[in-house]
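The values are calculated or read from the model by the stated rules, or taken from the named source; none is laboratory data. A quick note: this is a predicted structure, and the numbers were derived from the prediction, not measured. Note that we place each Cβ from the backbone using ideal geometry, even for glycine, and neighbour counts take in every protein chain shown.
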There are 2 protein chains.
Amino acid sequence: MPVGTQATVKGLTQQALAEDLGVAILLANTYHLYLRPGHELIRQLGGLHRFMSWPNAILTDSGGFQVFSLSGLRKVDEHGVIFQSHLNGDQHTFTPESTVDVQLAFGSDILMVLDECPEYPVSHEYARQSMHRTVRWARQANQHFRSRVAESPGCHALFPIVQGSMFPDLRRECASALLDLDSDGYAIGGLSVGEPRPLSLEAVEATEGILPRSKPRYAMGVGMPAELAEYVARGVDMMDCVLPSRNARNGYLFTSEGRVIIKHNRYKDDPRPLDERCRCYTCSSYSRAYLRHLFQSGEILYAVLATWHNLRRYLDIMREIRHAIISGSFPEYLKCVRPASEDAG
Amino acid sequence: MPVGTQATVKGLTQQALAEDLGVAILLANTYHLYLRPGHELIRQLGGLHRFMSWPNAILTDSGGFQVFSLSGLRKVDEHGVIFQSHLNGDQHTFTPESTVDVQLAFGSDILMVLDECPEYPVSHEYARQSMHRTVRWARQANQHFRSRVAESPGCHALFPIVQGSMFPDLRRECASALLDLDSDGYAIGGLSVGEPRPLSLEAVEATEGILPRSKPRYAMGVGMPAELAEYVARGVDMMDCVLPSRNARNGYLFTSEGRVIIKHNRYKDDPRPLDERCRCYTCSSYSRAYLRHLFQSGEILYAVLATWHNLRRYLDIMREIRHAIISGSFPEYLKCVRPASEDAG
């Protein structure tokens, strides 16, 4: 899922995303859109799909991750989390119930429960208490969601989030407790918080046998191109990550031959497309030399073309993985991409 | 002509420009592209059309205007102009001959001669001397251009530039002198240098009866939407201006009902398209409320959508003018848009 933090995937039109890239679902950030322009305004304008003119599915996070990473002074208690807006310092409160309401105001297709996302590292004891609160919040959010949807039915799903820091026992305990909610899907959170990469994979592995196979599993905030197949191999169906878009803007481009750092002098007079095997608009129309020129000149078109390509690369990898699974060749696919990971990382 | 300073119209893909907006010709800046990435590199990569993947015509200015407005220490003498790069302080020289060579390396369809573009105001005496130098440079450039094209023929045109500050007698003298060159077209330069608007129109009027009717006339660096018909009424066929694109990025949007300053609070919950009569991608897909949200959030997509619309608005005005001329109703059209100018300015 491409990340559309502020109801826009930075640099791309909704037309490019839906029609050219074939994006079926994107992620938007509850925290950002709650603060600006506000969920009531978005509701009044017909919901997030209509507001941003997006024809396909939208998943919104609960805002928890941003509260913990972006906002100033914050206070967590059993009730929820009190935080200061990073925009103007205003004080706000998120509760398990209120974040469901905010996301229903958006009209999100997939809503996430409010969770506490601990930083890394934390003690086992802190992680345990925090995980238990996340489970209690998930129950409250789920109950509130079911009563809201019963009142005014719509086609929404609410995913609870498995936490437990990097402790496999807590991850397993959390996943088991969340099973009771019989949710439409399950998310695995608390990843990409600064932990070494093998630990992220272990945290996902821990709950592989517990989460129901028939429900989608969403690993939040991952990963590098070479890691996508690794997560899928551990049962993950959905991922979101700012890497393809953020790295694009910073000059890091992902290709089928590995990473291209576009500012490097070697691309100055390189007439080849960024990735000769890629069929995206950028690779069909422009050379590395032109992309480098745009990057060096700080041009907006650089961000547009680079994001376009990097998203295509991620989506192509996921398409390859899907084809491999369908044709029964995923184990071979995984073997085949694993050695390449070293270069492509 | 949209302005593509660094071989890109800021924020728009070449596909959007050529296919969606129907841009038949755009302007690129010799000064900028000479400094970065350099004309030899562009030649080596197949010329500017291929470098930037642009299927239609390109006009390049001579660099004179930027040398006078952007570069540090500069020295003009009969030979040409010595200047320091605004990027790194390196010293460079432009001569009437060298700027032709640079633009031929680009493969520009329309080249401009090196001129001196005096600031405003200047004395009649300074303007006279400067204008005479511009005429001498135009002769040199023209001679060099003809011999270069005779060596390796291609489909290029070189336009000399009428100068003379805001003095009608100097403007007329300059235009008469340039007639000898029998050029494919004539530009009127030295406008938009800080002079009151009526003086720009007078400067154009001064040469209306002198420049050949059968050749295109290009007023450089103008104008506001309401002025376009005024220039056409004074015999102008071509114009370029950064206003539609620069103003777009700064939040000033031109509509058929006048100007919209998108940050204004009144657009916060405005579900209407920016311009209900406009058929551009932006107006077909997005609301004022969404555009305002993108602007307030500093999002790249704002620049993309705003530029898309403003360029469409300019091109629509020029299309209206062409239709009015062809149908013989231009005088009525002019009367009709004149009162509106007050609001739309």
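A compact table of results
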quantity	calculated
Residue within segment A:72-82 that is within 21 Å of the chain's Cα centre (by Cα) and either over 15 Å from B:His293 (Cα atoms) or touching a residue at least 24 places away in the same chain (Cβ under 8 Å) (or both) present	no
Matching residues, segment A:280-305, being closer than 21 Å to B:Leu305 by Cβ, facing another protein chain (nearest Cβ under 7 Å) and of a type in the set (S, T, N, Q)	A:Ser285
A:Leu114, sole failed condition from (1) within 20 Å of A:Ser200 (Cα to Cα); (2) aliphatic (A, V, I, L, M); (3) assigned to a loop (DSSP other than H, G, I, E, B)	(1)
Lone qualifier among B:Arg272, B:Arg338, B:Arg277, B:Arg259 - being away from every other protein chain (no Cβ under 14 Å), exposed (fewer than 14 other Cβ atoms within 10 Å of the Cβ), under 30 Å from A:Phe51 (Cα atoms) and more than 18 Å from the chain's Cα centre (by Cα)	B:Arg277
Close pairs from segment A:143-162: first within 10 Å of A:Val100 (Cβ to Cβ), partner modelled with pLDDT of 95 or more and acidic (Asp, Glu), Cβ under 7 Å, at least 6 apart	A:His144/A:Glu97; A:His156/A:Asp109
B:Ser53, sole failed condition from (1) farther than 19 Å from A:Tyr302 by Cβ; (2) surrounded by fewer than 23 Cβ atoms within 10 Å (Cβ to Cβ)	(1)
Failed criterion for B:Leu170 (all others in (1) modelled with pLDDT under 95; (2) closer than 21 Å to B:Ala127 by Cα; (3) among the aliphatic types (A, V, I, L, M) hold)	(1)
Residue tally, condition touching a Gly at 6+ places or on another chain (Cβ under 7 Å) and within 17 Å of A:Leu12 (Cα to Cα), over segment B:260-300	2
Residue in segment A:52-71 that is more than 18 Å from A:Ala28 (Cα to Cα) and not hydroxyl-bearing (Ser, Thr, Tyr) present	no
Segment A:204-234, subset of a type in the set (Val, Ile, Thr) and in a helix (DSSP H, G or I), residue nearest to A:Thr8 (Cα to Cα)	A:Val232
Single unsatisfied condition, B:Tyr218 versus (1) of a type in the set (Ser, Thr, Tyr); (2) more than 14 Å from chain A (Cβ to nearest Cβ); (3) surrounded by fewer than 17 Cβ atoms within 10 Å (Cβ to Cβ)	(3)
Candidate set: segment B:1-24, residues that are within 11 Å of chain A (Cβ to nearest Cβ) and not in a loop (DSSP other than H, G, I, E, B); chosen: the one nearest to B:Pro244 (Cα to Cα)	B:Leu17
Residue that is nearest to the other protein chains (Cβ to nearest Cβ), among those in segment B:31-67 that are among the polar types (S, T, N, Q) and in contact (Cβ under 8 Å) with a residue 12 or more places away in the chain	B:Ser53
Unique match (being modelled with pLDDT of 95 or more, over 24 Å from A:Met238 (Cα atoms) and of a type in the set (A, V, I, L, M, F, W, C)) among A:Phe51, A:Phe83	A:Phe51
Residue list for segment B:61-75, filter: under 14 Å from B:Val193 (Cβ atoms) and surrounded by fewer than 24 Cβ atoms within 10 Å (Cβ to Cβ)	B:Phe65, B:Gln66, B:Phe68, B:Ser69, B:Leu70
Qualifying residue in segment A:161-174 (condition: out of contact with any Ser or Thr (no Cβ under 6 Å at 6 or more places or on another chain) and closer than 30 Å to A:His323 by Cβ)	yes
Breaking point among (1) at pLDDT 95 or above; (2) in a loop (DSSP other than H, G, I, E, B), for A:Ala138	(2)
Inter-residue pairs, beta-carbon under 6 Å, first under 22 Å from A:Arg197 (Cα atoms) and in segment A:120-139, second of a type outside the set (Val, Ile, Thr) and part of a helix (DSSP H, G or I), 6+ apart	A:Ala127/A:Leu170; A:Arg128/A:Leu170; A:Met131/A:Leu170; A:Met131/A:Cys174
Tally, over segment A:154-183, of residues that are in a loop (DSSP other than H, G, I, E, B) and closer than 17 Å to A:Phe106 by Cβ	3
Filter result for the condition that a residue is more than 9 Å from chain B (Cβ to nearest Cβ), β-branched (Val, Ile, Thr) and surrounded by fewer than 15 Cβ atoms within 10 Å (Cβ to Cβ), over A:Ile321, A:Ile325, A:Ile317	A:Ile325
The listed residue being within 28 Å of A:Asp184 (Cα to Cα) and touching a strand residue (DSSP E or B) at 6+ places or on another chain (Cβ under 8 Å), out of A:Gly209, A:Gly223	A:Gly223
Filtered residues of segment B:116-128 (kept if at pLDDT below 95 and among the acidic types (Asp, Glu))	B:Glu116, B:Glu119
